[in-house]
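Heads up, the thing below is written out as structure tokens.
The values are calculated or read from the model by the stated rules, or taken from the named source; none is laboratory data. Remember, it's a predicted structure, so these values are computed and weren't measured experimentally. When we count neighbours, we look across all protein chains shown, and the Cβ atoms used for this are built from the backbone with ideal geometry, even at glycine.
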Amino acid sequence: MRRGIVAIASSCPDIAVTGEAGSGEEALELARKEPFDVVVLDISMPGRGGLDVIRDLRAARPGIKVIVLSMHSEEQFAVRSLRDGASAYLTKSSADGELVDAIRAVASGRRYITQEVAERLAYYVECDSELPPHERLSQREYQVLLLVGSGLTLSEVAARLALSPKTVSTYRARILSKMGLATSAQLIKYAVDHRLA
């Protein structure tokens, strides 16, 4: 996927690819050393979660523009990514046709929002007081919800997020409490019903 992104961007004479990273930690290290204008960030990269990396990139380089590229639908991460400072959100399925336009837009100081993301944002503006329970979770709680909701055990979630099983259990308890649920089975059903898994 990374080679494909590099090939798409490199094919344009007005875009220069000046660095690549294989994980969130590598991306942060590169951004601290090099003055990138735009970063294309895979939200599901190895290591730290993409949402955490967006915030850290913006803290390390306040002027940097972040394009989030995700295999997840708009419902899962678009609004959160934009809230955390991303300038654009694209699904991997739309990257071929829209990546270059998104890079050019954010490099010039604008946001790039697909029609699907615009509709989702409009929904949240209209219904802000009636947000679904999962939108009230912290970023880490939301990550745990997605993983538990996809059927992973607490130990598997802990390994995926580099946390202890006890910490994941605490997050799960908070999620259940905030969402008014009682069991992991209800959590999984909620995630499926809301297309989060």
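What do you reckon, is ILE54 touching a residue at least 12 places away in the same chain (Cβ under 8 Å), outside the structural domain of SER138 (by TED's automatic domain parsing) and closer than 19 Å to LEU161 by Cβ? If you could, list the steps in order and put the result at the bottom.
Working: touching a residue at least 12 places away in the same chain (Cβ under 8 Å): yes; outside the structural domain of SER138 (by TED's automatic domain parsing): yes; closer than 19 Å to LEU161 by Cβ: yes.
Judged against the criteria, ILE54 is a match.
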Which numbered condition in (1) closer than 30 Å to VAL6 by Cβ; (2) modelled with pLDDT of 85 or more; (3) in contact with a helix residue (DSSP H, G or I) (Cβ under 7 Å, 6 or more places away or on another chain); (4) surrounded by fewer than 17 Cβ atoms within 10 Å (Cβ to Cβ) is the only one that TYR112 fails? (4)
Taking only pairs six or more apart or across chains, which ones have beta-carbon atoms under 9 Å, a first residue in segment 174-197 that is touching a residue at least 40 places away in the same chain (Cβ under 8 Å) and within 17 Å of LEU154 (Cα to Cα), and a second residue that is in a loop (DSSP other than H, G, I, E, B) and hydroxyl-bearing (Ser, Thr, Tyr)? ILE188/SER150; ALA191/SER150; ALA197/SER150
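Given the criterion without any contact (Cβ under 8 Å) to a residue 60 or more places away in the chain, over 23 Å from ASP56 (Cα atoms) and of a type in the set (D, E, K, R), identify the matching residue among GLU135, GLU156. First the steps, then the outcome.
Details: GLU135 fails: over 23 Å from ASP56 (Cα atoms).
Sole residue among the options that is without any contact (Cβ under 8 Å) to a residue 60 or more places away in the chain, over 23 Å from ASP56 (Cα atoms) and of a type in the set (D, E, K, R): GLU156.
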Looking at (1) part of a helix (DSSP H, G or I); (2) within 30 Å of ARG61 (Cβ to Cβ), which is the one condition that is false for ARG174? (2)
GLU135 is checked against (1) closer than 30 Å to LYS65 by Cβ; (2) of a type in the set (D, E, K, R); (3) exposed (fewer than 12 other Cβ atoms within 10 Å of the Cβ) and fails just one. What number does that condition carry? (3)
Only residues in segment 24-45 that are in contact (Cβ under 8 Å) with a residue 12 or more places away in the chain count as the first member; pair them with residues that are among the aromatic types (Phe, Trp, Tyr), Cβ under 8 angstrom, at least 6 apart or cross-chain, and list the lot. ILE43/PHE77
Would you check which residues across segment 11-43 are closer than 26 Å to ARG160 by Cα and assigned to a strand (DSSP E or B) and list them? VAL39, VAL40, LEU41, ASP42
